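The values are calculated or read from the model by the stated rules, or taken from the named source; none is laboratory data. Since this is a predicted model, take the numbers as computed values, not measurements. Positions of Cβ are generated from backbone atoms using ideal geometry, with glycine treated the same way; all protein chains shown enter the neighbour counts.
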Amino acid sequence: MCGIVAYLGKKVAQPILIEGLKRLEYRGYDSAGVALLDGGAIKVKKTSGRINALEEILDEPAPSDSLGIGHTRWATHGQPNTVNAHPHLDYTGKIAVVHNGIIENYATLKTWLQNEGADFASETDTEVVANLIAYFYAKEDQAPGQNKFEWAVQQALRELHGTYGLAILCSDFPDTLIGAKKGSPLILGVGSSEYILASDAAAIVEHTTQAIYLADNEMVTVTPDAFHTKTIDNVTITKDLKQIEFSLEQIELGGFQHHMLKEIFEQPDVLSTCMDGRIDRLNNRIKLGGIASYLRELTRTKRLIMTACGTAFHAGLVGEFLFEQLARIPTETEYASEFRYRNPIIEDQTVVIAISQSGETADTLAAVEQAKERGATVLGIVNVVGSSIARATDAGIYLHVGPEIGVASTKAFTAQVTVLAMLAIELGRRRHISSNDADRYIHELSQIPDKISSILDQSDHIKEIAAANLNEENWLFLGRGFNYPVALEGALKLKEISYIHAEGLPAAEMKHGPIALIVDGMPAVFIATAGPQYDKIMGNIEEVRARGGKIIVVATKGDENIKKHADHLIAVPQTPELFQPLLTVLPLQLLAYHAAVLRGHDVDKPRNLAKSVTVE
Ligand code: G6P
């Protein structure tokens, strides 16, 4: 949550900060601001609202300052108004800070600083950081032969509990930028004669593809000619320059109206990329290089626990079916926020798999730490290369689907399920299923991208279904077996971006309560594809029809029988039941997308949400 960008170089900083903030806006978008410095005083401009609201209050032409920090906010402490927007200055105006994360002990520190004479303007935890640095900075005599600004930052950081990605300016050091990280991501892009410090590579890649990734409790001091990395305890560390793996093209809209739509339509290509090099189609073998040294342990494991949040949790639920069905490994999928606090039982030979698009979700990261502390081998299924979860896990499998910008996750879900399917087939071959069956499943899985394309062709038809039901405020999504997690995901998508209330349920559970909700015309989306539970779900469809519900069905192509039971029908190609989520979720992604657009919502930046939830 929250996006940070800072620039130090030879160019005019302001437009670079604004461009960077626009690329990070998906991380939070309730208020924004910049602080510039070029000798003399720090100049802050900030406002509630989005980056374009900030642009309206900026000086034109842009000030010539070539050092600055910027922020786009997702409020945690204090309302999303102008006073609470970042950057925050200390009360003397010498130190400016932008922050991503939460300072847990801010209330104690604030009282203490107030007693020391500091004034506070905002309700934020971040203002405490600025005033704390200023407090130490004022202690002239205690900086032991070190850059005083850097020393004061280190002293302050040691007092903070919680998480932070910080970019900091000091008006006495007009050519110095300091960044620090604990629990929230921070990357320094290293260009020729310029540096961009940001929460996410998306704000950097336009300027350079070389970067260093700070680890927790590390800081970087940047000056025009060099950067120095240290621990916050002042121990110098050497960090390798890494290549940022994605291009500017990947994060631009490329002719689509929204990132979400682009990402939905990218799925055939990115799933092929995700499988490329992992599925050897000639020999029908799966090779998962990232976890190769853990395959023996996985094959012998007695229990798998998957942990994740949001859409990634739904992918984990599909994975649970896959591991149990193909490899007969007892598997549970747990919300990371519950797992981390439930005193989990981790027995010998338990393997934990954390699933996360961003690799930064605070609860998932904490669940990883919790599992490691209890002695489990922890593997990651992550999209963002070098992210906190990718680094915290013992080994892992990257999705390789490129950046996902739309707040509502789409291509990451199908890629997570694809990775889980590849792993389950491989473990299945080693534990439970015959080589012939494994070969057949590999063949079927590799057909999925083409089959998705034929679903995307129905986008206009799905838009008509969304339009016909646009005024309904309550929807049900129902599925059984492998398609039960898809029902949950379909409901989540609709809630996230169209703000329509929706519930996802295992279809048979409907009669234990939710059936009472059904009134005339209420849409009920059934996933009724061919499979062992087809007849059962037909029964559930009739139960809803009998009570006046509007029946929208996702069914297998060629199912003539279902036509007479449905008000609206969306056909998906045939595939074995265990891979159906990779197809049946597509119509539901498109349904949510079209409903949100038709309702006039900002699909890529839905209200109150953020792409990467780095707070509890
Ligand atoms: C947020 C996003 C969701 C995402 C969830 C988990 O809530 O809005 O789209 O599914 O976080 O994110 P992760 O990056 O861990 O997959």
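Pairs only if they're at least six apart or on different chains, beta carbon under 7 angstrom, first in region 307-334 and free of Cβ contacts under 8 Å to residues at least 24 places away in the same chain and at negative phi, second among the hydrophobic types (A, V, I, L, M, F, W, C) and within 13 Å of the ligand (Cβ to nearest atom); list them, first residue then second. Filtered contacts from region 307-334: E320/M306. Set side by side, the residues A571, A596 differ, and just one is more than 19 Å from V417 (Cα to Cα), in contact with a strand residue (DSSP E or B) (Cβ under 7 Å, 6 or more places away or on another chain) and modelled with pLDDT of 95 or more, which is A571.
One residue stands out among those in region 404-414 that are touching a Ser or Thr at 6+ places or on another chain (Cβ under 9 Å) and in a helix (DSSP H, G or I): the one that is surrounded by the most Cβ atoms within 10 Å (Cβ to Cβ), which is F413.
Select from region 307-334 the residues that are under 17 Å from the mean Cα position of the chain (by Cα) and of a type outside the set (V, I, T) and write down the one among them that is surrounded by the fewest Cβ atoms within 10 Å (Cβ to Cβ). The selected residue is C309.
Only one of V585, V525, V553, V615 is within 16 Å of the ligand (Cβ to nearest atom) and surrounded by 24 or more Cβ atoms within 10 Å (Cβ to Cβ). Can you tell me which? Going through V585, V525, V553, V615 in turn, just one is within 16 Å of the ligand (Cβ to nearest atom) and surrounded by 24 or more Cβ atoms within 10 Å (Cβ to Cβ): V585.
The set of residues in region 454-469 that are surrounded by 14 or more Cβ atoms within 10 Å (Cβ to Cβ), assigned to a helix (DSSP H, G or I) and either modelled with pLDDT under 95 or not basic (K, R) (or both) comprises S454, I455, L456, S459, H461, I462, I465, A466, A468. No other residue among L365, L399, L379 is surrounded by 24 or more Cβ atoms within 10 Å (Cβ to Cβ), away from the ligand (no atom under 13 Å from the Cβ) and either under 18 Å from the mean Cα position of the chain (by Cα) or free of Cβ contacts under 8 Å to residues at least 12 places away in the same chain (or both) apart from L379. Given the criteria in a strand (DSSP E or B) and out of contact with any Ser or Thr (no Cβ under 8 Å at 6 or more places or on another chain), does A215 qualify? Considered against the rule, which asks whether it is in a strand (DSSP E or B) and out of contact with any Ser or Thr (no Cβ under 8 Å at 6 or more places or on another chain), A215 comes out as no. Selection over region 575-602 of residues that are over 18 Å from Q257 (Cα atoms) and part of a loop (DSSP other than H, G, I, E, B) gives a count of 3. If you go through region 110-141 and keep only what is surrounded by 22 or more Cβ atoms within 10 Å (Cβ to Cβ) and under 22 Å from T614 (Cβ atoms), you end up with T124, D125, T126, E127, V128, V129, A130, L132, I133. Among the residues making up region 251-285, those that are over 20 Å from I381 (Cβ atoms), polar (S, T, N, Q) and either surrounded by 12 or more Cβ atoms within 10 Å (Cβ to Cβ) or at pLDDT 95 or above (or both) are Q257, N284.
Where residues in region 484-522 are buried (at least 20 other Cβ atoms within 10 Å of the Cβ) and in a loop (DSSP other than H, G, I, E, B), which of them is farthest from the chain's Cα centre (by Cα)? Per the criteria, the residue is I518. Under the condition of being farther than 22 Å from G316 by Cα and at pLDDT 95 or above, the residues counted in region 501-521 number 1. Restricting to region 449-469, name every residue that is in contact with a His (Cβ under 9 Å, 6 or more places away or on another chain) and either closer than 20 Å to G539 by Cα or hydrophobic (A, V, I, L, M, F, W, C) (or both). Of everything in region 449-469, those that are in contact with a His (Cβ under 9 Å, 6 or more places away or on another chain) and either closer than 20 Å to G539 by Cα or hydrophobic (A, V, I, L, M, F, W, C) (or both) turn out to be I462, I465, A466, A467, A468. Under 18 Å from A35 (Cβ atoms), hydrophobic (A, V, I, L, M, F, W, C), buried (at least 23 other Cβ atoms within 10 Å of the Cβ) and in contact (Cβ under 8 Å) with a residue 12 or more places away in the chain - does that describe any residue in region 200-213? Checked against the condition, which is being under 18 Å from A35 (Cβ atoms), hydrophobic (A, V, I, L, M, F, W, C), buried (at least 23 other Cβ atoms within 10 Å of the Cβ) and in contact (Cβ under 8 Å) with a residue 12 or more places away in the chain, region 200-213 yields at least one hit. Looking only at region 109-145, residues that are of a type outside the set (S, T, Y) and not in a helix (DSSP H, G or I) come to 13 in all. For the structure I just gave you, tell me whether F246 is assigned to a loop (DSSP other than H, G, I, E, B), surrounded by 12 or more Cβ atoms within 10 Å (Cβ to Cβ), at pLDDT below 85 and of a type in the set (F, W, Y). Judged against the criteria, F246 is a match.
Evaluation of F321 against the conditions (1) within 16 Å of the ligand (Cβ to nearest atom); (2) in contact with a helix residue (DSSP H, G or I) (Cβ under 6 Å, 6 or more places away or on another chain) shows that the sole unmet condition is (1). For region 402-432, filtered to residues that are within 13 Å of the ligand (Cβ to nearest atom) and of a type in the set (D, E, K, R), the residue that is farthest from E297 (Cα to Cα) is E404.
Yes/no matrix, rows are residues, columns are (1) away from the ligand (no atom under 16 Å from the Cβ); (2) under 25 Å from S358 (Cα atoms); (3) among the aromatic types (F, W, Y):
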| residue | (1), (2), (3) |
| --- | --- |
| R440 | yes, no, no |
| N483 | yes, yes, no |
| E496 | no, yes, no |
| H501 | yes, no, no |
| L505 | yes, no, no |
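Restricting region 588-612 to residues that are more than 11 Å from the ligand (Cβ to nearest atom) and surrounded by fewer than 19 Cβ atoms within 10 Å (Cβ to Cβ), which is nearest to E266 (Cα to Cα)? So, considering only residues that are more than 11 Å from the ligand (Cβ to nearest atom) and surrounded by fewer than 19 Cβ atoms within 10 Å (Cβ to Cβ), the one nearest to E266 (Cα to Cα) is D602.
If only residues of region 337-362 that are among the charged types (D, E, K, R) and more than 12 Å from S388 (Cα to Cα) are counted, the one that is farthest from the ligand (Cβ to nearest atom) is D348.
Against the list (1) closer than 18 Å to I397 by Cα; (2) within 16 Å of the ligand (Cβ to nearest atom), the condition E245 fails is (2). With the structure loaded, tell me whether N436 is more than 30 Å from I329 (Cα to Cα), more than 16 Å from the ligand (Cβ to nearest atom) and either in contact with a Ser or Thr (Cβ under 8 Å, 6 or more places away or on another chain) or not hydrophobic (A, V, I, L, M, F, W, C) (or both) or whether it fails that test. So N436 fails the test.
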